[in-house]
Amino acid sequence: MAQPKVLIVFYSRSGVTEALANGIADGARGAGAEVRLRRAREVVSQEVINSVPGWADQAAALNAKYEAPTPDDAVWADAIVFGTPTRFGSVSSELKAYIDGLGGLWAQGKLNGKVGSVFGTTSTPHGGNESTLISLYTPMAHLGLIIVPLGYADASLFKAGTPYGASSVSFNQATPPTADDLEVARFQGKRVTQVAKALTGA
């Protein structure tokens with residue numbers, strides 16, 4: 001059976017969402033997947049970026065670690081996992097810009113039948129993790145992805161995360177995900193890989 005290919009596309013500024021992305025990647029690799037990690041790029045002007053202390057340096061450091069996502073990455077993948085910090089209870093504009101750029105593939109039906117899953121982070125408790133993850137289900141349905149939630153299919157979900165996808169709260173301090181958060185993330189990577197493997201082998 002062919003090795004499942006998992007694309008993880010995320011936006012992260014302070015490294016919190018990045019940490020969850022790497023947890024998902026670890027879980028996917030552990031389940032036998034080939035993984036591509038890609039960071040969505042800023043969409044605001046350099047002037048805006050420069051007005052926020054540390055943003056330019058953080059973006060440069062993350063962009064040096066991760067390639068920008070392309071439509072070809074989505075074609076390559078058997079599964080696509082989207083990750084985002086919450087922006088007013090919904091997806092970040094940076095990740096949404098990448099998703100919006102997949103219109104050409106949508107028109108050709110090239111994403112139909114691929115696995116889709118989501119994860120997210122917020123600065124505050126009840127700050128929109130669940131609403132953000134659910135909001136991402138809508139464009140995934142339009143793209144024809146087979147949405148894979150976590151449910152409560154693993155004991156880790158009774159300690160952290162959401163049934164919709166892995167999550168964490170940074171408490172306005174860029175606090176990294178907890179060990180429990182990362183356990184959920186690794187399970188998500190494993191679950192997505194297992195579903196992708198079953199679909200590609202069918």
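The values are calculated or read from the model by the stated rules, or taken from the named source; none is laboratory data. These numbers were taken from a predicted model, which means no experiment stands behind them. Cβ placement follows ideal geometry from the backbone for every residue including glycine, while neighbour counts extend to all protein chains displayed. Remember, those area values only see protein heavy atoms, side chains included, never the ligands or the DNA or RNA. Shrake-Rupley method; radii C 1.70, N 1.55, O 1.52, S 1.80 Å.
What the table below lists for this structure:
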read-out: Antiparallel DSSP beta bridges within the chain, percent to nearest 5; value: 10 percent
read-out: Of LYS110/LYS197; LYS159/LYS190; LYS5/LYS110; LYS5/LYS114; LYS65/LYS159; LYS5/LYS159, those spanning more than 21 Å from alpha-carbon to alpha-carbon; value: LYS65/LYS159; LYS5/LYS159
read-out: 5 angstrom amide H check on ILE146, placed H, neighbours 5+ away; value: GLY113, LYS114, VAL115, GLY116
read-out: Average accessible area per residue (Å²) across the range 30-116 - probe 1.4 Å, nucleic acids and ligands excluded; value: 48 Å²
read-out: Estimated FRET transfer efficiency when R0 is 22 angstrom, pair GLN46-ALA97 (beta carbons, to 0.05); value: 0.85
read-out: Heavy atoms of HIS142: accessible area, 1.4 Å probe, square angstrom to 10; value: 130 Å²
read-out: Solvent exposure ordering (accessible area, 1.4 Å, most first) of TYR137, TYR152; value: TYR152, TYR137
read-out: DSSP beta bridge pairing in the range 1-107, given as percent antiparallel to the nearest 5; value: 10 percent
read-out: Estimated dipole of the chain in Debye, rounded to 20 [Cβ of Lys and Arg +1, of Asp and Glu -1, Cα centre]; value: 360 debye
read-out: Accessible area of the chain belonging to carbon and sulfur atoms, whole % at 1.4 Å probe; value: 54 percent
read-out: Backbone HN-Hα couplings from phi across the range 17-31 [Karplus 6.51/-1.76/1.60, Hz, Gly and Pro as x]; value: 5, 4, 4, 5, 4, 5, x, 5, 4, 4, x, 5, 5, x, 8
read-out: Accessible surface ranking that places the most exposed of ASP181, ASP72, ASP154 first, with a 1.4 angstrom probe; value: ASP72, ASP154, ASP181
read-out: Accessible-area value, LYS110, 1.4 Å probe, nucleic acids and ligands omitted, Å²; value: 100 Å²
read-out: Part-to-part distance (alpha-carbon centres) for the range 17-45 and the range 165-180, which is given in Å; value: 16 Å
read-out: Mean separation of Cα contacts under 8 Å (6+ apart) over length of the chain, as relative contact order %; value: 29 percent
read-out: Built amide H within the under 5 Å cut-off of GLY161, gap 5+; value: SER167
read-out: In sequence order, calculated HN-Hα J values of the range 75-91 (Karplus, 6.51, -1.76, 1.60; Hz; x Gly/Pro); value: 5, 4, 6, 8, 9, 10, 10, 9, x, 8, x, 6, 10, 6, x, 9, 5
